[in-house]
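All of the numbers you see were taken from the coordinates with simple rules; none came from a lab. If you're wondering where the values come from, they're calculated on a predicted model, not measured in any experiment. A quick note on method: Cβ atoms are made from the backbone with ideal geometry, for glycine too, and the neighbour counts reach across all protein chains shown.
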Amino acid sequence: MTNKRAKQAGFTLVEVLVAMLIFSLLSTATLSVLISTLRSKEQIAIKAEGLRQIAILQTLLKSDLSQTVSVQKTDDFGQLAPIIFSGGIVADNMILSLSRTGWGNPGGIERRSDLQSVEYRMENGVLSRHVKSRFNAIDATPSFKQELLSGVESVKFTFYDGEFWQDNWLTGPPPLGVEDLPQLASLEIVLRNNKSLRHVFHIGVGQ
């Protein structure tokens, strides 16, 4: 009687195999859900970072262009630079160059003006912003680079003069350039994921 009960208390080989099969199926399903969740989380993080970069780029460009002023600066040799504002003309990876006001200096801590020289450059799929610690800088003046947007396929600026859109703009003493700043700037960006962006900005203080 005792031996019969002992045999009934165990598991048969078929039962063990079925249990292992069920455990394997559950483990596979759980792993698939985990991998899918991690991939979704990674994709969300990538999209969030892209949106963050675009928001920063838009904010900085809006601030720079709305505070743009037509003021000549000196070059590395202390001579007045002929170009005041330029855009759409690619030279040394630079796609936009401007002078702006409104550079904060609370309490006048630094001995400098509120003017700032700003450049936007496009290199190896990265759009970046460059500024120097002094407006009338020399070659040795420290430069600060901020990478704004990565994964960029192409960048194009166009400028509105009040009647027509121009592919490029150069403000400077004639005949090198024109005397006035453009009224609007349009920025078109094509990303490597085939998505495109377009933003329009007012140029100049008070516009």
Only one of Glu123, Glu179 that is of a type in the set (Asp, Glu) and closer than 17 Å to Gln72 by Cβ: Glu179
Is there a residue being out of contact with any helix residue (DSSP H, G or I) (no Cβ under 6 Å at 6 or more places or on another chain), in a helix (DSSP H, G or I) and not polar (S, T, N, Q) anywhere in region 68-91? no
Being surrounded by 10 or more Cβ atoms within 10 Å (Cβ to Cβ), free of Cβ contacts under 8 Å to residues at least 60 places away in the same chain and basic (Lys, Arg): is that true of Lys73 here? no
Considering only residues that are out of contact with any Gly (no Cβ under 8 Å at 6 or more places or on another chain), hydrophobic (A, V, I, L, M, F, W, C) and either part of a loop (DSSP other than H, G, I, E, B) or surrounded by 13 or more Cβ atoms within 10 Å (Cβ to Cβ) (or both), which ones fall in region 150-177? Val155, Phe164, Leu176
